Amino acid sequence: MSDVRSLIESAVGGDKEDLRRLLLQFNDQFTLHNQVTGTNWVDPTSGVQKASTTPPPPATAVAAGANGTISLQITNPAQAAKATIYHEVSYSTVKNFSQNVTTLPVSPNNTVAIPAPGQAPFVRLRSSYDGATWNTHQLVQQTVVDAGLQSSAASSPAMVLNQSNYATVTGQGAPGEVPVIQVYGPNGPYSGYTAVKGTKQSSRPSATILNSNYQQSQFVAWDGKRFQIGTTLPQVLNDSWEPVGQALVNGAPGGGGTLGGNGSRLTAIV
Amino acid sequence: MAWELKQHDFDHTVGRHYAILHDPATGAEHHLVIFTSHSSCPTCGHVKRNDATGALDFKAILKEELANLEKSHAQSTAYARKFNIPVAKVDKK
């Protein structure tokens, strides 16, 4: 016979202490069930009963960014009874989430993927039993989570690209002279140019490149901080680099450019 | 002169001297890359000494580059100054 049944038998027999313990056990169970089911068995109503206003304890999460996606692994808090916990993940470029906040749909899933190529946002999390009463937002980590860029390996071979620039790359040099490559924008030498990626336009500095190999094709790329130079196109096709243009330092036409002469710019529009 | 040397460093792994010149008023930058390593034959790959490196004078190059930058931007700078037009900073995003 279970403890509860023995208490019932004892209470029916007139033991007030057992009756008290029995009723307290029922009350504890009711309270627990009310909390996770959103009902009230002791005080039922004919209308829809709202769930407990007590939110769940905070969940913990670990974030990792790679290949243009931030992956979040959420661990639910320990619970007395197994109830569904809903999570709301949001991210922003500022730590106090005062602007540029993107909120993902509420979900009970414990793994969340945020596609954010090239972004490094702060990520926060809050949880709820009912989707209405939430615990306090918590930053997943105190620093930004860098999603990284999507690598070529993750792209289909025939993926549509739309990258270009308004740079002119010219080379000049003659035997006995120091080879010179100039990178510049539409306003002429020593003025910056605009790089285009999709609909986004970015300013890039101008450059002078001295003493590179003579009589050799030179490919120029921007790595985000400085210019890189290679003698073949594949040398400047690193995933994080922007190809800028090609020049020959012997004065021959570089080919492929739209501005004529020795200037050329690299465009990838498939 | 508005343009000045912002920073420069030498990358031993590729044998290149990188210098950034900038105009603090506009945030505009001009990069200077000087090869100092050995070059190789484009056909057979034979490595040969880059003879021009010894003749390079960074101070003279820097002076010339700064002068070229000033000259290149003088007309537009003068125009903005003449009519007291606020100068927009370069958006580096």
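The values are calculated or read from the model by the stated rules, or taken from the named source; none is laboratory data. The structure presented is a predicted model; accordingly, all values stated were derived computationally and were not measured. Ideal geometry is used to build each Cβ from the backbone, glycine not excepted, and the neighbour counts take in all protein chains shown.
Here are the numbers for the structure shown:
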| item | result |
| --- | --- |
| Residue count, the range A:181-209 (criterion: closer than 21 Å to B:LYS6 by Cβ and either at pLDDT below 85 or not hydroxyl-bearing (Ser, Thr, Tyr) (or both)) | 12 |
| Members of the range A:202-240 that are among the aliphatic types (A, V, I, L, M) and more than 11 Å from chain B (Cβ to nearest Cβ) | A:ALA221, A:LEU233, A:VAL236, A:LEU237 |
| Selection count, the range A:135-154, where residues are buried (at least 18 other Cβ atoms within 10 Å of the Cβ), of a type outside the set (A, V, I, L, M) and over 10 Å from the mean Cα position of the chain (by Cα) | 1 |
| Residue match in the range A:165-181 (condition: buried (at least 21 other Cβ atoms within 10 Å of the Cβ), assigned by TED's automatic domain parsing to the domain that holds A:LYS225 and among the hydroxyl-bearing types (Ser, Thr, Tyr)) | yes |
